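The values are calculated or read from the model by the stated rules, or taken from the named source; none is laboratory data. Just so it is clear, the structure is predicted and the values come from calculations on it, not from any experiment. Cβ atoms come from the backbone with ideal geometry, glycine included; neighbour counts cover every protein chain shown. Accessible surface areas use protein heavy atoms only, side chains included; no ligands, DNA or RNA. Shrake-Rupley method; radii C 1.70, N 1.55, O 1.52, S 1.80 Å.
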Number of protein chains: 4
Amino acid sequence: MNILNEFLKDPQAFLVISGPCAVESEDQLKSVLDSPDAPSALRGGLYKMRTSPDSFQGLREEGAKLIAKLRQEHSFSFVTEISDPRQIETLDPITDMYQIGARNMYNYELLRELSVLGKPVLLKRAFSATIKEWLGSAQYLKDLGEEKIVLCERGIRSFEPELRNTLDLGSVIYLKENTNFKVLVDPSHAMGEAKYVERASLAAMAAGADGVIIESHPNPSLALSDAKQALSLGELSKLKHQLVKLADCLNKTLIH
Amino acid sequence: MNILNEFLKDPQAFLVISGPCAVESEDQLKSVLDSPDAPSALRGGLYKMRTSPDSFQGLREEGAKLIAKLRQEHSFSFVTEISDPRQIETLDPITDMYQIGARNMYNYELLRELSVLGKPVLLKRAFSATIKEWLGSAQYLKDLGEEKIVLCERGIRSFEPELRNTLDLGSVIYLKENTNFKVLVDPSHAMGEAKYVERASLAAMAAGADGVIIESHPNPSLALSDAKQALSLGELSKLKHQLVKLADCLNKTLIH
Amino acid sequence: MNILNEFLKDPQAFLVISGPCAVESEDQLKSVLDSPDAPSALRGGLYKMRTSPDSFQGLREEGAKLIAKLRQEHSFSFVTEISDPRQIETLDPITDMYQIGARNMYNYELLRELSVLGKPVLLKRAFSATIKEWLGSAQYLKDLGEEKIVLCERGIRSFEPELRNTLDLGSVIYLKENTNFKVLVDPSHAMGEAKYVERASLAAMAAGADGVIIESHPNPSLALSDAKQALSLGELSKLKHQLVKLADCLNKTLIH
Amino acid sequence: MNILNEFLKDPQAFLVISGPCAVESEDQLKSVLDSPDAPSALRGGLYKMRTSPDSFQGLREEGAKLIAKLRQEHSFSFVTEISDPRQIETLDPITDMYQIGARNMYNYELLRELSVLGKPVLLKRAFSATIKEWLGSAQYLKDLGEEKIVLCERGIRSFEPELRNTLDLGSVIYLKENTNFKVLVDPSHAMGEAKYVERASLAAMAAGADGVIIESHPNPSLALSDAKQALSLGELSKLKHQLVKLADCLNKTLIH
């Protein structure tokens, strides 16, 4: 968890979390972790929340074992979504930062449970949560201490059909001006297409965000979920290169 | 549960569920259950979902004991919200129909648990759920059988600030045309003010809804939550009178 | 204009305006005006507002001549959209009620012009106008006198893709409770499909609306615009029959 | 118009238009034009579009005379809103770029008129216009030639009440990827408060926008409209300084 601690303490840090939408196989994760630009902070869903019960629901407990194994061989912090308090037993040994997905931002019973575990929580904004409601959910985590609560804007729901969601960088600007929370941006879910992710990430940094969480995949076209928005590992390297340049200009330090 | 069974089987039935937002005290519930127009189907929240952790969170287990006691003295079906699988143990002995609130429509782990309990579930639409997502959540309940899944439109989130939510009767019309589910409407949350509830209820019936769920309170101004939108018991009686008249005209049978 | 005057003066009247989205030909209008259930208040667009300049823009001045001719042979009030002050010269001789479309609700210069013509104005709500903005636009018409300003809810823009727009009957309920304006509903544009129009019209009446404006066409599949939502003349007759029945129940008088 | 031509031809240019929401007086404009950081491209409304007819409607023809006078003494390009074709006669002698406000994006008759005047047009997005509708409106201007059509994102309408509008930088990213139009951003209307304008402007540049249009006022607290969102002249200078730094980093040239 070193790198996440470093991020949480450094006001100039800009964190890049990356990895696949869903953990799919050992091969998939090894491709990511052995790549030249392997993530220090790896994201990967084990328990997937899908609109249809017939869609891939994640590797679940089996995936947790895989992560445990990979942690012995590689050095990375692991960020993963939790959607039920009963998953804590499985997830806690392998998780450095819990992610609350958009669908669970209002799951106050779950937030209460996480508030006593002591690990940082990435709290995504619900699809149409007002900023006030989002901050209300953050209050359910207050026992963690303000510095371990990280908000994440991931695009809101609007009338616009061309893009998957509407990236609300105004909310980021508002939160950085009016609260002390770290704020990340998820440009992958906000934009919904890989080709828009770089521009959205740069804009997020310029808006004052403290980092981004990016979906990447060794072979995006084969991804079991969110294939359209995943960056290839090459695209991810290019993005990081652009972010480093902009960070220099804005006196930020990239952590990735 | 007789009255709910009757409702689920009769395509012409129009169900009126009513009662307080939150169960607050024995006196409160007795006032409701002893009133001339006492509800056959009583709603009342035990575990409350509130934006702020500092707001009243419900009587919880203590409230469940109160309901158990009142069920021995009065005849009513009980409809209550569940927000965590671990509440099943407390709620199952006293609940005839589980309510999934707007904040939990995407709580698929919870839906999976309810799908094996065999009791009907009232599935509210999330604040900005598309109809497709809503029907996706209903699929997580499919083991109950289609006839025990009751959808509930409760107003969606829009740009309009004058009303608490935007009542989407178009979704009710869509669902009645394209699915076999029962569809209720919650005019109290949709409109947010008691004076608008009657008109919204009549419109719901004319749109083809199969019922309404109404917040009422013996003394609305003292309600611990949602005070502004609760009908007094007198207003509720007047509403039922209007609904009976309209039901006659539309060949519906009011169950209340 | 007799029938519109009657409508404007009678608080119990429920007006049904119907006719084609766009005036297309003499044959088209004659089919409508010679049908058994010919409209007393005919709608028909001469100057069409289309998202693309390459779509059919209306018969314009030629269409106005056609209406003038038909008025000599048939008895009907004519309701048509105006989108530019320079159309007044052409439209005023043949128009009984001006319609301001959703795209022009904020066209204050145009509203100012209409406010001195003395004819009633049907003011549609813009795609995402707040109720306050809508009433603001009505104020630009105040010289007409409150009784000649008729508001029209036509569905607002939301995140929901299944239906063309989101019918906001809550706004109708709000306006009838808090203002003295007549309020119509346009279920054709709100729902976007013919099969949903009847239910939406009945719900509008039950919500307290003072009328509906319906798109109909002698042969919907051949309509040059909005084909999917136009009722056939047979469907329109059936709808009117249902509205008469509901009007009886609600003490309304149908004017059609 | 030299500076606007320069902007239209240079793909690396980043234009800063600034000035008051409404032209209020000669003193007001002179303060702006004599300031150390006087705008090369001045914005200023003469015909104001206000929700209420009782709000300040602009200096109108009198204001045009004032601009004509100031053009003889100062060097600036003038960008102003047009809301009715009949204003062309007054505006054309003093205007270098016409602005179509959000309320008139669908005013196709007005767009048709501007398409033959030959001057560049700044086409703001309507409050809830889809990108497709926005591009449809741009097509009404196509006779100007693609290079004279400048789109302007000014925040869309969403459910969020904390900020005036929801700045949709995703639309900017989409437009720069998929069209050849220049795209500006109006952070003043999008954010609605002066303190958020700098961050939003920087984010706009990083997202790929070609410029910003900023409301400034010699004394914001005295502004007759939009007082809350206007930058003081000092704040504007600071913003330009930040934009120059970021432009260097992103290989853009600031034109202001």
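What to note about this one:
- Per-residue ellipticity at 222 nm computed for chain C from its helices equals -10500 deg cm²/dmol, with DSSP H segments shorter than 4 residues left out and the rest contributing -39,500 (n - 2.57).
- Charge tally around B:M105: other residues with Cβ under 9 Å, Lys/Arg +1 each, Asp/Glu -1 each, net +3.
- Using the 1.4 Å probe convention, the accessible area of the protein assembly as shown works out to 33 Å² per residue with neighbouring protein chains retained.
- Computed magnitude of the charge dipole of the protein assembly as shown (debye, nearest 20; Cβ of K, R +1, Cβ of D, E -1): 0
- Whole-Hz ³J(HN,Hα) from phi, Karplus 6.51 cos²θ - 1.76 cosθ + 1.60, for the stretch D:44-57, glycine and proline x: x, x, 9, 9, 8, 9, 10, 4, 10, x, 8, 7, 3, 9
- Annotation: Cα Rg of the stretch A:1-60 relative to the compact-globule expectation 2.2 N^0.38 Å equals 1.37.
- Calculated diffusion of the stretch B:163-214, Stokes-Einstein form, Kirkwood radius summed over Cα pairs, 25 °C and 0.890 mPa s, µm²/s: 225
- Remark on chain C: Rg and Dmax equal 16.6, 47 Å (Cα only).
- Calculated P(r) tail over 41 Å for the protein assembly as shown, as whole % of Cα pairs: 45
- Residues in the stretch C:68-109 that a label on D:I88 would reach, taking backbone N under 16 Å of a point 7 Å out along Cα→Cβ: C:84-87
- Net charge of neighbours whose Cβ lies under 13 Å from the Cβ of A:G145, counting Lys and Arg as +1 and Asp and Glu as -1: +2
- The same position A:K9 in the other copies lies at 5.6, 6.9, 8.4 nm from this copy, comparing label points 7 Å beyond Cα toward the beta-carbon, shortest first.
- Put simply, the amide H of C:T179, placed in the peptide plane, has no neighbours under 5 Å, leaving out anything fewer than 5 places away on its chain.
- Distant-in-sequence amide H partners of B:S77 (H built 1.01 Å from N, under 5 Å): B:A41, B:L42
- Summing +1 for each Lys or Arg and -1 for each Asp or Glu among the other residues whose beta-carbon sits under 15 angstrom from that of D:L167 gives -3.
- Among D:145-156, A:62-73, the order from most to least packed when residues are scored by Cβ within 10 Å on average: D:145-156, A:62-73
- Long-range tail of P(r) for the stretch B:82-219 (Cα pairs > 19 Å, %): 49
- Whole-number D in µm² s⁻¹ for the stretch B:143-233, Kirkwood Cα-pair radius fed into Stokes-Einstein, 25 °C, 0.890 mPa s: 179
- Percent RCO, i.e. relative contact order, over chain A, from Cα pairs under 8 Å lying at least 6 residues apart: 21
- With all protein chains modelled, accessible area of D:V79 [1.4 Å, Å²]: 0
- Rounded to the nearest 5, the antiparallel percentage of DSSP beta bridges internal to chain D is 5%.
- Within chain B, no whole DSSP H helix has Cα atoms reaching 27 Å or more along its own axis together with a mean Kyte-Doolittle score of at least -0.5.
- Accessible surface of B:D10 - all protein chains present, 1.4 Å probe, nearest 10 Å²: 50
- In sequence order, the stretch D:154-163 has phi-based couplings of 10, x, 10, 8, 9, 7, 7, x, 5, 10 Hz under the Karplus curve 6.51 cos²θ - 1.76 cosθ + 1.60, θ = phi - 60°, and Gly or Pro positions carry x.
- Cα pair distances in the stretch C:57-150, grouped into 5 Å bins until the bin that holds the longest one, percent each: 3, 14, 25, 23, 17, 11, 6, 2, 0
- Distances in nm from A:S55 to the matching label points in the other copies, shortest first (labels 7 Å along Cα to Cβ): 2.9, 3.1, 4.1
- Projected label distance in nm at C:Q139 and D:K132, using a 7 Å step from Cα toward the beta-carbon: 3.6
- Exposure of A:H256 as accessible area (Å², to 10), given a probe of 1.4 Å and all protein chains: 70
- With every protein chain in place, the stretch D:11-122: carbon and sulfur % of accessible area (1.4 Å): 45
- Size of the A/B contact, given as accessible area buried on both chains, probe 1.4 Å, in Å²: 2600
- Rounded FRET efficiency, nearest 0.05, which uses the C-beta distance separating C:N2 from C:H241 and R0 of 25 Å: 0.60
- Bridge orientation summary for the protein assembly as shown: considering DSSP beta bridges with both residues in this region, about 5 percent are antiparallel.
- Inter-chain Cβ neighbour average for residues C:125-131, partner chain, 10 Å: 6
- For the protein assembly as shown, the Cys residues with no second cysteine's beta carbon closer than 4.7 Å are A:C21, A:C152, B:C21, B:C152, C:C21, C:C152, D:C21, D:C152.
- Accessible area in the full protein assembly, largest first, 1.4 Å probe, for D:E177, C:E24: D:E177, C:E24
- Per-residue average of Cβ from other chains inside 10 Å of A:187-197: 2
- Carbon and sulfur %, accessible surface of the stretch D:164-219 computed with the full protein complex present, 1.4 Å: 31
- Legend: calculated FRET efficiency, C:H74 to C:S232, from the Cβ-Cβ distance at R0 = 22 Å, rounded to 0.05, equals 0.65.
- Expected-Rg normalisation [2.2 N^0.38 Å, Cα atoms] applied to the stretch B:1-118: 1.06
- Amide H contacts of B:R154 (H built 1.01 Å from N, in plane; Pro and chain starts excluded): B:R125, B:D186 sit under 5 Å, all sequence-distant by 5 or more or on other chains.
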